[in-house]
Amino acid sequence: MGYLFAVIFGLIVGSFLNVCIYRIPRGKSIVFPERSYCPSCEHTLGVFDNIPVFSYIFLRGKCRYCKAKISPRYIIVELLTSGLFVLMLYRSLAMYQDTRYIVIELLMSCIFVAILIAISFIDLEFTIIPNKIVYPGIVIGLLLSVFASIIRKDYSFIAWRAAGATTGAIVILLIALIGRVVFRKEAMGVGDIKLMAMIGMYLGLFPYIPLVIMIAAFLGSIVGLALIVVRRKKMSSAIPFGPFLSLGALLSLLYGKEIWLWYINLMGLK
């Protein structure tokens with residue numbers, strides 16, 4: 001029953017994330033108008049036009065009213081959010097026996113994942129990381145970390161995450177400054193610095209901060225080279241780094257310790 005709830009709740013949250021992804025970078029309110037509307041004809045959507053996943057399938061990816069194509073991003077976000085929420089539930093249940101710890105871990109991880117999804121899709125389309133998402137993400141992460149510290153009666157929990165947020169921001173800032181000096185252009189945006197601070201707030205300091213950056217840099221390099229090879233990008237083209245930081249954060253959240261142990265064994269550091 002718990003996994004079914006995670007699937008349904010994930011689809012609902014994914015539908016809301018689609019609203020955020022469309023409206024926030026365009027300077028529109030996510031509250032008004034309350035009802036969703038077609039981006040092409042702006043017709044207010046009915047209840048049956050707004051059912052996550054199923055409406056897209058039944059309408060065959062087209063608006064009921066103007067027949068304009070609906071971006072596949074909507075169904076991708078909904079399915080991705082739902083799938084990751086199920087994974088977060090499985091992870092939380094595997095980590096703890098105490099119901100209180102399970103609830104707080106599940107809440108933190110689901111909020112974290114939802115924020116990463118919204119930021120990634122916005123950055124991919126608009127190459128921006130909105131303050132309206134990342135700042136609340138940092139605050140919520142801080143409050144949940146404080147609450148978790150109180151529940152655990154272990155205040156090193158909040159200290160570790162505050163250190164992660166600070167260190168993450170500083171490391172990306174240094175990379176940005178060094179990149180500007182060496183390459184004489186912006187290597188990292190301010191949004192990436194804020195995003196890394198938020199990631200550190202949810203993951204903590206070590207080994208997560210170095211791991212996220214290494215994974216993001218590796219994946220970013222692979223994708224960048226592939227785009228150059230197929231002539232979709234030039235060497236001088238900018239590629240949004242937010243999605244790679246988000247993917248690095250997700251992999252670190254799920255398999256961080258295992259990846260780190262594999263890495264240090266590979267490098268002969270153990």
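List of remarks:
- Restricting 52, 25 to residues that are assigned to a loop (DSSP other than H, G, I, E, B), touching a residue at least 24 places away in the same chain (Cβ under 8 Å) and buried (at least 17 other Cβ atoms within 10 Å of the Cβ) narrows the list to 52.
- Inspection of the stretch 229-239 finds a residue satisfying the criterion of being farther than 21 Å from residue 136 by Cβ, in a helix (DSSP H, G or I) and not acidic (Asp, Glu).
- Within the stretch 169-182, the set of residues being surrounded by fewer than 20 Cβ atoms within 10 Å (Cβ to Cβ) and closer than 20 Å to residue 127 by Cα comprises 173, 175, 176, 177, 179, 180.
- Whether a residue is within 27 Å of residue 199 (Cβ to Cβ) and assigned by TED's automatic domain parsing to the domain that holds residue 13 was assessed, and residue 45 does not pass this test.
- Within the stretch 169-213, restricting attention to residues that are within 22 Å of residue 130 (Cα to Cα) and assigned to a loop (DSSP other than H, G, I, E, B), the residue that is modelled with the highest pLDDT is 189.
- Tallying residues that are surrounded by fewer than 18 Cβ atoms within 10 Å (Cβ to Cβ) and either in a helix (DSSP H, G or I) or of a type in the set (Val, Ile, Thr) (or both) within the stretch 58-77 yields 3.
- Within the stretch 229-262, the set of residues being more than 22 Å from residue 116 (Cα to Cα) and either in contact with a Ser or Thr (Cβ under 7 Å, 6 or more places away or on another chain) or at pLDDT below 85 (or both) comprises 229, 230, 231, 232, 233, 234, 235, 236, 237.
- Residue 257 touching a residue at least 24 places away in the same chain (Cβ under 8 Å) and not polar (S, T, N, Q): yes
- Unique residue being loosely packed, with under 15 Cβ neighbours inside 10 Å and in contact with a helix residue (DSSP H, G or I) (Cβ under 7 Å, 6 or more places away or on another chain) when the list is 80, 106, 93: 93
- The stretch 115-136, residues that are closer than 17 Å to residue 168 by Cβ, surrounded by 15 or more Cβ atoms within 10 Å (Cβ to Cβ) and touching a Lys or Arg at 6+ places or on another chain (Cβ under 9 Å): 129, 134
- Residue 194 vs. criteria charged (D, E, K, R), more than 12 Å from residue 249 (Cα to Cα), without any contact (Cβ under 8 Å) to a residue 12 or more places away in the chain and assigned by TED's automatic domain parsing to the domain that holds residue 262: no
- Residue 112 of a type in the set (A, V, I, L, M, F, W, C), assigned by TED's automatic domain parsing to the domain that holds residue 6, surrounded by 14 or more Cβ atoms within 10 Å (Cβ to Cβ) and under 22 Å from residue 74 (Cα atoms): no
- When the test is whether a residue is closer than 14 Å to residue 171 by Cα and among the hydrophobic types (A, V, I, L, M, F, W, C), residue 245 passes it.
- Residue match in the stretch 113-125 (condition: of a type outside the set (Gly, Ala, Ser), modelled with pLDDT under 95 and more than 19 Å from residue 198 (Cβ to Cβ)): yes
- Residue 120 vs. criteria under 28 Å from residue 148 (Cβ atoms), part of a helix (DSSP H, G or I) and in contact with an Asp or Glu (Cβ under 7 Å, 6 or more places away or on another chain): no
- Residue match in the stretch 143-160 (condition: of a type in the set (D, E, K, R), under 19 Å from residue 199 (Cβ atoms) and either in contact with an Asp or Glu (Cβ under 6 Å, 6 or more places away or on another chain) or in a helix (DSSP H, G or I) (or both)): no
The values are calculated or read from the model by the stated rules, or taken from the named source; none is laboratory data. Only a predicted model underlies this, so the values are computations on that prediction, with no experimental measurement involved. Methodologically, a virtual Cβ is constructed for each residue, glycine included, from the backbone with ideal geometry; neighbour enumeration extends over all protein chains shown.
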